[in-house]
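Enquirer: I have a structure here, written as structure tokens, and I will follow up with some questions on it.
The values are calculated or read from the model by the stated rules, or taken from the named source; none is laboratory data. Model, not experiment: these values are computed from the prediction. Backbone-built Cβ (ideal geometry, glycine too); neighbour counts: all protein chains shown.
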Amino acid sequence: MGLLGDALEALSTSDRRWGGVHARIHRRTDHVRATAARNAEQAARGFPALVKPPGAPYRGAGANAGADAVHDRWGTLLAAGDALRIDWHRADAAASTPGGTADTGTADTDATDGEVGEVGEVTVVRGEQWRRRGADGQVTGSRPAERASSVLTLFVPEIGPLRPWLLLSHLRLSALERSVRQGRDIIRLRGTARGGPLGMLRQFHGLPPGDTFDLAVDDATGILVELVAHWDGGEVERWELHDLRVDDPSNPTTVDEAGTTGPEPFDLDAVGIPRDVKEPFRRAVPLARLAAQVDFTLLAPQDESFAGVLREGAGPVVVAHPSGGRPAGRTVWFEQSRGAGMPDTTGWDPITLADGTPAHRWSPAADPDQVDLHLTRAGTRIWIRGRGPAEILALADGLRPIQP
């Protein structure tokens, strides 16, 4: 069998080649490039990305990225059967450089230098159920009573290196060479995204955004010890496993044995009870059904049906889209809250709506069809975003409090 055939066999049968895994895990993300790659994906599907206006709120590591746009994380990984645990180190205790060195606490100096950092985030997977406790103590996860989800990689991309068969339908692979990495035989591959209708499903395959991918497959186990995504010639994201130790499948680490030195490491409830249950797709409901769940007056247009989802964070925010979906070529939605998630409109153009309501409007100079509009009505702050100035102004004029 040729080199590519050997690699494909290892990838597709990886779940039968190991009984337990111990490793250090490294993730490095360039959020500026990642955002550009995602925007390019959207544009290719006919939905060009909107430009963030000045004063837009920070949402996640990639939003309004500045000097800290490149984010390095190091942690420890333990797996047994269908269970996984990752303890990510706190950023201030695992400082790293763009060159890839970090303070992760092992004697292997080819990737580390220093002592183990304090654990900042814990993620545990059992089957298709998962829990995550962040550095702030907040717990998120899947709904325990739900049937297992087939989109685990949307929420736990860390599972990707241990389920490498997921990426086979998304990438066209070619073999580069056999090599040795940290004392283990590997096969290096190059992958290109297939595109087409399946292109939008890369997240389900455990892949970051990118157009080409470099992979290193552990020859004995099929585990991905390196996955590097590139877009437009630059590196977007890098996943690496270091100091890989693998138990033979004939004598695997059991869930009970993995926890002999402390609490059972794969106990979902030990991570905590989820305050925020993550579902694969948020189920939008008529706006009137959300009115009792928020601490502000909820508004809706009078001549069109909108559905919304409730987003929690610094405060409740309702995000609303036309309930009929988003036809090709139409991009309009609005958010409303008491103040959470709203933009700072300093520098936006002040305008007055048809009913006399003061508002602020912003459009990028290169794309006047995009409009961001902010207003306050009935004590509720509203941020309308999308394309089509006349449609957005009409939507703003028609928003009225939902009657109980």
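Enquirer: Would you list the strands (runs of 3 or more DSSP E) that sit entirely within the range 328-399 and hold 1 or more residues that are assigned by TED's automatic domain parsing to the domain that holds residue 304, under 14 Å from residue 299 (Cβ atoms) and in contact (Cβ under 8 Å) with a residue 24 or more places away in the chain?
Expert: Details: elements: 332-337, 349-352, 358-362, 370-377, 380-387.
Of the strands (runs of 3 or more DSSP E) lying wholly inside the range 328-399, those with at least 1 residues that are assigned by TED's automatic domain parsing to the domain that holds residue 304, under 14 Å from residue 299 (Cβ atoms) and in contact (Cβ under 8 Å) with a residue 24 or more places away in the chain span 332-337, 358-362, 370-377, 380-387.
Enquirer: How many of the residues in the range 377-404 are aliphatic (A, V, I, L, M) and over 19 Å from residue 317 (Cα atoms)? It would help to see each step written out before you state the result.
Expert: Kept after step one, since they are aliphatic (A, V, I, L, M), are these residues of the range 377-404: 378, 382, 384, 390, 392-396, 399, 402.
Within this subset, residues satisfying the condition of being over 19 Å from residue 317 (Cα atoms) are 390, 392-394.
Of the residues in that region, 4 qualify.
Enquirer: Search the range 159-176 for residues that are hydroxyl-bearing (Ser, Thr, Tyr) and pair each with any residue that is not in a helix (DSSP H, G or I) when their beta-carbon atoms are under 7 Å apart and the residues are at least 6 apart or on different chains.
Expert: Every condition considered, the pairs that remain are 174/189; 174/190.
Enquirer: Let me ask you something else. So how many residues does the range 155-186 have that are out of contact with any Ser or Thr (no Cβ under 9 Å at 6 or more places or on another chain), surrounded by fewer than 17 Cβ atoms within 10 Å (Cβ to Cβ) and of a type in the set (A, V, I, L, M)?
Expert: Within the range 155-186, residues that are out of contact with any Ser or Thr (no Cβ under 9 Å at 6 or more places or on another chain), surrounded by fewer than 17 Cβ atoms within 10 Å (Cβ to Cβ) and of a type in the set (A, V, I, L, M) number 2.
Enquirer: Would a scan of the range 23-32 turn up a residue that is closer than 19 Å to residue 229 by Cα, modelled with pLDDT under 90 and assigned to a helix (DSSP H, G or I)? Before the answer, list the steps.
Expert: Let us first name the residues in the range 23-32 that are closer than 19 Å to residue 229 by Cα, namely 25-32.
Now drop any that are not modelled with pLDDT under 90, which leaves 31-32.
Subsequent filtering for residues that are assigned to a helix (DSSP H, G or I) retains 31-32.
Checked the range 23-32: at least one residue is closer than 19 Å to residue 229 by Cα, modelled with pLDDT under 90 and assigned to a helix (DSSP H, G or I).
Enquirer: When both residues are 6+ apart or on different chains and their Cβ atoms are under 6 Å apart, which pairs have a first residue that lies in the range 2-23 and is of a type in the set (D, E, K, R), and a second that is buried (at least 17 other Cβ atoms within 10 Å of the Cβ)?
Expert: 17/221; 17/222
Enquirer: Does residue 349 fit the bill of being modelled with pLDDT of 90 or more, farther than 30 Å from residue 142 by Cβ, in contact with a strand residue (DSSP E or B) (Cβ under 8 Å, 6 or more places away or on another chain) and of a type in the set (Asp, Glu)? Explain how you work it out, then say what you get.
Expert: On the way: modelled with pLDDT of 90 or more: yes; farther than 30 Å from residue 142 by Cβ: yes; in contact with a strand residue (DSSP E or B) (Cβ under 8 Å, 6 or more places away or on another chain): yes; of a type in the set (Asp, Glu): yes.
Yes.
Enquirer: Identify, please: which residue in the range 113-136 is out of contact with any strand residue (DSSP E or B) (no Cβ under 6 Å at 6 or more places or on another chain) and modelled with pLDDT under 85 and is, among those, surrounded by the most Cβ atoms within 10 Å (Cβ to Cβ)? Even if it seems obvious, please write down each step before you answer.
Expert: Taking the range 113-136 and keeping what is out of contact with any strand residue (DSSP E or B) (no Cβ under 6 Å at 6 or more places or on another chain), we get 113-116, 118, 127-129, 136.
This time we only want the ones that are modelled with pLDDT under 85, so: 113-116, 118, 128, 136.
Details: 113: 13, 114: 14, 115: 11, 116: 18, 118: 11, 128: 16, 136: 8.
Here the residue is 116.
Condition check ((1) surrounded by 21 or more Cβ atoms within 10 Å (Cβ to Cβ); (2) of a type in the set (Lys, Arg); (3) modelled with pLDDT under 75) across all residues:
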position	(1), (2), (3)
188	no, yes, no
192	no, no, no
198	no, no, yes
214	no, no, no
221	yes, no, no
231	yes, no, no
234	no, no, no
248	no, no, yes
259	no, no, yes
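Enquirer: Out of the range 346-404, which residues are surrounded by fewer than 20 Cβ atoms within 10 Å (Cβ to Cβ), closer than 23 Å to residue 289 by Cβ and of a type in the set (A, V, I, L, M, F, W, C)?
Expert: 378, 402
Enquirer: Kindly provide the set of residues from the range 277-307 that are at pLDDT 85 or above and part of a loop (DSSP other than H, G, I, E, B), ordered by number.
Expert: Within the range 277-307, 294, 295, 296, 297, 298 qualify.
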